[in-house]
Amino acid sequence: MYNLFRSFLLVTIGLLSISFLSQGALAQDSAPGTPLTSQELVRLVYQLPKHPEQRDEIVEEIRKRGIGFQLTDGMRSLVATKSGSDATLRRTLEEAERRRANPKVESLPSATEADELLALTRKITLGAAGAMPDFIVRQLIKRSVAYGSTANWLPQDTLTIGVSYRQPAGEEYKLLTVNGMPPSKDAKAGSEYGDYVGGASSTGEYVTGLANLFKDEARTTFKMVDTDVLRGQHTIVYEYEVQLPYSSLTLKADKSSVASVGSRGRVWIDREQNRVLRFEQIATEIPADFPIRAASSIVDYDWVKINERPYLLPSHADIFITSLYKDRQLVQSRNDIRFRGYQKFGAELKIIDDDEYAPDQPVQPPKKPDQP
């Protein structure tokens, strides 16, 4: 088991996936300052089935150079096929297409505007973390595994987890079903549920992790790098880094194997509401001999109503881990998590048999004066 993002994500591992940048593989195609041609992109994505670890390099190349051609459905289909429908690569291409089609609207703001947005977001995020209501919610988790670095995901199981949140106690988790069946009677509510299911589990995605990123003691460095559109909202994308001495991120491979690590990633900040709509976190500075070789998460936040008031809370998360099993077999694991049915604390948490992965109706965000 492992504790990913100490107060943010607790992940009990038996397996999981992410690839880090390996520099230099794209040097032969790089032409700084000139957009990628369709031929260059095809050449790059054709390498992915044999070399999936080059995904991050290709993403970075697209972000730096953009694309000089219209992104057609045929190209989208080719990239999806060769990348295993990689979500990050898909989003990066769509960002590049928006910028190609409308460079004025999608251009980066001034450094002054970017700094002001970041400062407002820091203030509002820290304030919101202390103003969350007590609530309950269901987590619907589809777990998959893959072997080596193939990302050929094999379904493992589906979990339903009941979560209650109360300040200052934090989250409490209870395993409700495994593949639609109730768990054994010894499955009790507590700070985690991984002991009852084995494999990969996660806790703590709600409040503290994102707030920790903006606290002074983290000494987080931010850099504006991109723009994007999420659920119709225009965002600015910032890269960030938290170095190991100031990081609260801990990886736990079993009860006695724990490592403190740094982190890096990206945040997508709504330019109108000054709120983080997506949070990517990647473990860094992992000890070379540690069983977990890589760990990451991407959490999407959306507006939900609790007691008739809108709050920004997780709507979807992807957790990825790569680990070395029995010192010889590299294993990837993925948890695809949906958050459903936010209610005030004290309501009855029901198990619903309909399509639980269908999207909820979106809630309109409050106007700026209503923000905490």
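With respect to (1) assigned to a loop (DSSP other than H, G, I, E, B); (2) of a type outside the set (G, A, S); (3) farther than 16 Å from V42 by Cβ, the lone exception for E95 is condition (1).
Under the condition of being farther than 16 Å from R100 by Cβ and outside any loop (DSSP other than H, G, I, E, B), the residues counted in region 45-72 number 10. Scan region 98-142 for residues that are outside any helix (DSSP H, G or I) and of a type in the set (S, T, Y) and jot them down. Residues satisfying the conditions are S107, S110.
Is it true that S323 is crowded, with 16+ Cβ neighbours inside 10 Å, at pLDDT below 90 and either among the hydroxyl-bearing types (S, T, Y) or in contact with a Gly (Cβ under 6 Å, 6 or more places away or on another chain) (or both)? Taking the combined requirement at face value, the residue satisfies it. Reported count of residues in region 107-139, each being within 30 Å of G84 (Cα to Cα) and surrounded by 19 or more Cβ atoms within 10 Å (Cβ to Cβ), is 2.
Against the list (1) surrounded by fewer than 21 Cβ atoms within 10 Å (Cβ to Cβ); (2) touching a residue at least 12 places away in the same chain (Cβ under 8 Å); (3) over 24 Å from N335 (Cα atoms), the condition R275 fails is (1). Applying the condition of being of a type in the set (S, T, Y) and within 16 Å of L36 (Cβ to Cβ) to region 68-93 and asking which residue is modelled with the highest pLDDT yields T72. The test for being over 25 Å from R328 (Cβ atoms), surrounded by 21 or more Cβ atoms within 10 Å (Cβ to Cβ) and modelled with pLDDT under 90 holds for L249. Which one is modelled with the highest pLDDT among residues in region 11-67 that are in contact with a Gly (Cβ under 7 Å, 6 or more places away or on another chain), buried (at least 19 other Cβ atoms within 10 Å of the Cβ) and of a type outside the set (A, V, I, L, M)? That would be T12. Just to be sure before I move on: is P372 within 20 Å of G209 (Cβ to Cβ) and either over 19 Å from the mean Cα position of the chain (by Cα) or at pLDDT below 90 (or both) in the structure I sent? Criteria met by P372.
Among residues of region 217-233 that are under 18 Å from S107 (Cα atoms) and in contact (Cβ under 8 Å) with a residue 40 or more places away in the chain, those with a beta-carbon under 7 Å from a residue that is small (G, A, S) and surrounded by 13 or more Cβ atoms within 10 Å (Cβ to Cβ) at least six positions away or on a different chain give the pairs M224/A114. Going by what's in this entry, would G262 be described as farther than 30 Å from P366 by Cβ and modelled with pLDDT of 90 or more? The answer is yes for G262.
Could we say that A151 is crowded, with 18+ Cβ neighbours inside 10 Å and at positive phi here? Yes; evaluated as a whole, the condition is true for this residue.
Taken over region 192-239, the criterion of being in a loop (DSSP other than H, G, I, E, B), at pLDDT 90 or above and crowded, with 19+ Cβ neighbours inside 10 Å is satisfied by T220 alone. Within region 254-282, the set of residues being within 16 Å of E241 (Cβ to Cβ), of a type in the set (S, T, N, Q) and more than 11 Å from the chain's Cα centre (by Cα) comprises S260, S263.
The C-beta contact set for region 250-265 (first residue under 27 Å from V276 (Cβ atoms), second residue surrounded by fewer than 17 Cβ atoms within 10 Å (Cβ to Cβ) and among the hydroxyl-bearing types (S, T, Y), distance under 9 angstrom, 6+ apart or interchain) comprises T250/S260; L251/S257; L251/S260; G262/Y246. The numbered conditions (1) out of contact with any helix residue (DSSP H, G or I) (no Cβ under 8 Å at 6 or more places or on another chain); (2) over 27 Å from R340 (Cα atoms); (3) among the aliphatic types (A, V, I, L, M) are all true for I141 except (2). Scanning region 242-273 for residues that are within 19 Å of K64 (Cα to Cα) and not aromatic (F, W, Y) turns up R264, G265, R266, V267. Each residue in region 106-127 was checked for being within 20 Å of the chain's Cα centre (by Cα) and farther than 30 Å from G66 by Cα, and 2 pass.
Of everything in region 285-308 that is in a strand (DSSP E or B) and polar (S, T, N, Q), the residue that is farthest from T125 (Cα to Cα) is S296. Inspect region 169-178 for any residue being surrounded by fewer than 20 Cβ atoms within 10 Å (Cβ to Cβ) and assigned to a helix (DSSP H, G or I) and give the result as yes or no. No; the residues of region 169-178 include none that is surrounded by fewer than 20 Cβ atoms within 10 Å (Cβ to Cβ) and assigned to a helix (DSSP H, G or I).
The values are calculated or read from the model by the stated rules, or taken from the named source; none is laboratory data. Being a predicted model, the structure only gives us computed values, none of them experimental. Note that each Cβ is placed from the backbone with ideal geometry, even for glycine, and that neighbours are counted across all protein chains shown.
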